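First comes the structure, then the notes that go with it.
The values are calculated or read from the model by the stated rules, or taken from the named source; none is laboratory data. Note that the structure is predicted; figures quoted are calculated from it, not measured. Backbone-built Cβ (ideal geometry, glycine too); neighbour counts: all protein chains shown.
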Amino acid sequence: MELYGIYGAGGFGREVMPVARQMLERLHGAENRGFELVFIDQTLGNRMIINGHRVMSQADFLSFEASSKFFNIAIADYSARERIAKEMMDAGVNPFTIRDFSSVIYDNNWLGEGAILCAFTTITSNARIGRFFHSNIYSYVAHDCIIGDFVTFAPSVHCNGRVIVEDYAYIGTGAVIRQGSDERPIVIGKGSIVGMGAVVTKSVEPFTVVFGNPAAAVRK
């Protein structure tokens, strides 16, 4: 029996769980599945059931007897995501990518481990995407983009071509990032936050919050 854990039983975790379940049922077969899919959550009691899946603490997940174990992290906070990923991988648990079957990936892309690609997301061509990337519903990454580690795209993010999104950045719902060029790519700096509905027409400094149309810095 293989054990798969989704870390975080909040709203995003509950949205991601059926995507993972359908993906694994196609892989293993719905009738004789040969796997169990659980939530991992430190704030909830063991033996709880949420949406038909039991909840385990991290310690119980790590001590559970299984032929192999895999995890993903449905938590937006990049620092928590990075810490949990290190703890789980140090314990010998491997990350698995969760991908909805309506998502689209075209030619010559590279996608790091532990990604979550929700329904109707698209990666076009020649993009390089780092570890533990979250792409929520209806978001896209266009050609020749470079996305760092632990980056989050909220729903309906439009990331156009030749954009660099550095590690830990959070791009809010409905944000649009203008296409850059080979000489002058649009760069979203490390740890920056692009607010909901923002239209980004120029690069954003690291650890800066931008908002509006056109997007402007509101604080560091």
- Task: Just give me the residues in the stretch 56-111 being of a type in the set (Phe, Trp, Tyr), under 14 Å from Phe132 (Cα atoms) and buried (at least 18 other Cβ atoms within 10 Å of the Cβ), in sequence order.
- Result: Phe70, Phe71, Tyr78, Phe96
- Query: Does the stretch 32-59 hold any residues that are charged (D, E, K, R) and more than 24 Å from the chain's Cα centre (by Cα), and which are they?
  - Reply: Arg33, Arg47
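Identify, please: which residue in the stretch 38-77 is part of a loop (DSSP other than H, G, I, E, B) and hydroxyl-bearing (Ser, Thr, Tyr) and is, among those, farthest from Leu24 (Cα to Cα)?
Among them, the one singled out is Thr43.
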- Message: So Arg33 ticks every box in (1) without any contact (Cβ under 8 Å) to a residue 24 or more places away in the chain; (2) loosely packed, with under 14 Cβ neighbours inside 10 Å; (3) touching a helix residue (DSSP H, G or I) at 6+ places or on another chain (Cβ under 7 Å) but one. Which box is left unticked?
- Response: (2)
- Can you find even one residue in the stretch 83-101 that is out of contact with any Pro (no Cβ under 8 Å at 6 or more places or on another chain), farther than 20 Å from Asn136 by Cβ, among the aromatic types (Phe, Trp, Tyr) and assigned by TED's automatic domain parsing to the domain that holds Ala127? no
- Item | For Asn126: the one exception among (1) at positive phi; (2) touching a residue at least 60 places away in the same chain (Cβ under 8 Å) | (2)
- Which of the residues spanning the stretch 156-187 are among the small types (Gly, Ala, Ser) and within 12 Å of Val200 (Cα to Cα)? Gly172, Gly174, Ala175, Gly180
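Could you tell me whether the stretch 17-30 includes any residue that is part of a strand (DSSP E or B) and either surrounded by 16 or more Cβ atoms within 10 Å (Cβ to Cβ) or touching a Pro at 6+ places or on another chain (Cβ under 9 Å) (or both)?
Filtering the stretch 17-30 for residues part of a strand (DSSP E or B) gives none.
No, there is no match, as no residue in the stretch 17-30 is part of a strand (DSSP E or B) and either surrounded by 16 or more Cβ atoms within 10 Å (Cβ to Cβ) or touching a Pro at 6+ places or on another chain (Cβ under 9 Å) (or both).
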- Query: Considering only strands (runs of 3 or more DSSP E) fully contained in the stretch 162-220, which possess at least 1 residues that are surrounded by fewer than 16 Cβ atoms within 10 Å (Cβ to Cβ)?
  - Reply: 216-219
- Pairs where the first residue, in the stretch 85-102, is modelled with pLDDT of 95 or more and the second is surrounded by 20 or more Cβ atoms within 10 Å (Cβ to Cβ) and assigned to a loop (DSSP other than H, G, I, E, B), C-beta under 7 Å, 6+ apart: Ala85/Gly114; Ala85/Phe132; Pro95/Gly114; Thr97/Gly114; Thr97/Ala115; Asp100/Cys118
- Task: Please name all residue pairs, on different chains or six or more residues apart, with Cβ atoms under 6 Å, provided the first residue is in the stretch 58-80 and is farther than 29 Å from Ser192 by Cβ and in the same structural domain as Gln42 (by TED's automatic domain parsing) and the second residue is among the hydroxyl-bearing types (Ser, Thr, Tyr) and crowded, with 18+ Cβ neighbours inside 10 Å.
- Result: Phe70/Tyr4
- Looking at (1) crowded, with 20+ Cβ neighbours inside 10 Å; (2) modelled with pLDDT under 95, which is the only condition Phe150 fails? (2)
- Within the stretch 39-48, identify whether any single residue is at pLDDT 95 or above, out of contact with any Pro (no Cβ under 6 Å at 6 or more places or on another chain) and not assigned by TED's automatic domain parsing to the domain that holds Asp167, and answer yes or no. yes
